[in-house]
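Okay, structure first, notes after.
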Amino acid sequence: MNKGFTVEEAHRFFDNLHTADLFFGVSIIVGYPGETGVDFQNTLDFIIQRKDIIPQIAQINPFTYYDGTSADKTADYRANPTALKRMELFVREMKRHKIKHTNAFIGNLIEK
């Protein structure tokens, strides 16, 4: 997603926040344009491996396209069922691994 930092930098950042006893939450988007199965699994593994230092998953959603963004419109969860499936898998794994999360913000961007 072109976040501008490496996985190692993210590890250090979360470690530093935890060491400083700062509360934070992580928001996750799955099914982002270009996300591979390996990318998805790496994200899931990162969260599982860091569950003891990440206070909570604040939000998890499938990729949602918004007009005016440079992202690929065809990756929107309404056109890409993989995004929804990945979100459902991520949520199942969060629950299985007892990862703290905010229920109200799971899939909160999905149109009802």
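The values are calculated or read from the model by the stated rules, or taken from the named source; none is laboratory data. Predicted, not measured: the structure shown is a model, and the values here were computed from it. Here the Cβ is made from the backbone with ideal geometry for all residues, glycine too, and neighbour counts use every protein chain on show. Only protein heavy atoms, including side chains, enter the accessible area calculation; ligands, DNA and RNA are left aside. Shrake-Rupley method; radii C 1.70, N 1.55, O 1.52, S 1.80 Å.
Can you name the residue in the range 86-112 that is without any contact (Cβ under 8 Å) to a residue 40 or more places away in the chain and of a type in the set (Lys, Arg) and is also surrounded by the fewest Cβ atoms within 10 Å (Cβ to Cβ) among such residues?
Here the residue is 112.
Of all residues in the range 63-79, which are crowded, with 19+ Cβ neighbours inside 10 Å and either of a type in the set (Val, Ile, Thr) or part of a loop (DSSP other than H, G, I, E, B) (or both)? First the steps, then the outcome.
Filtering the range 63-79 for residues crowded, with 19+ Cβ neighbours inside 10 Å gives 63, 75, 77.
Correct list: 63, 77.
Within the range 54-62, does at least one residue satisfy the condition of being in a loop (DSSP other than H, G, I, E, B) and either without any contact (Cβ under 8 Å) to a residue 60 or more places away in the chain or open to solvent by 40 Å² or more (accessible area, probe 1.4 Å) (or both)? Don't jump to the end; show me each part of the working.
Quick first cut of the range 54-62, residues in a loop (DSSP other than H, G, I, E, B) only: 54-55.
Checking the rest, the ones that are also either without any contact (Cβ under 8 Å) to a residue 60 or more places away in the chain or open to solvent by 40 Å² or more (accessible area, probe 1.4 Å) (or both) come to 54-55.
Looking through the range 54-62, at least one residue is in a loop (DSSP other than H, G, I, E, B) and either without any contact (Cβ under 8 Å) to a residue 60 or more places away in the chain or open to solvent by 40 Å² or more (accessible area, probe 1.4 Å) (or both).
Taking only pairs six or more apart or across chains, which ones have beta-carbon atoms under 6 Å, a first residue in the range 9-36 that is within 30 Å of residue 79 (Cβ to Cβ), and a second residue that is open to solvent by 40 Å² or more (accessible area, probe 1.4 Å)?
Between residues of the range 9-36 that are within 30 Å of residue 79 (Cβ to Cβ) and residues that are open to solvent by 40 Å² or more (accessible area, probe 1.4 Å), the close pairs are 25/56; 27/59; 30/86; 31/82; 31/86; 32/1; 33/72.
Quick check on residue 83: is it surrounded by 11 or more Cβ atoms within 10 Å (Cβ to Cβ), in contact with a Pro (Cβ under 6 Å, 6 or more places away or on another chain) and assigned to a loop (DSSP other than H, G, I, E, B)?
The answer is no for residue 83.
Could you look through the range 1-15, keep only residues that are farther than 16 Å from residue 28 by Cβ and open to solvent by 100 Å² or more (accessible area, probe 1.4 Å), and pick out the one that is modelled with the highest pLDDT?
12
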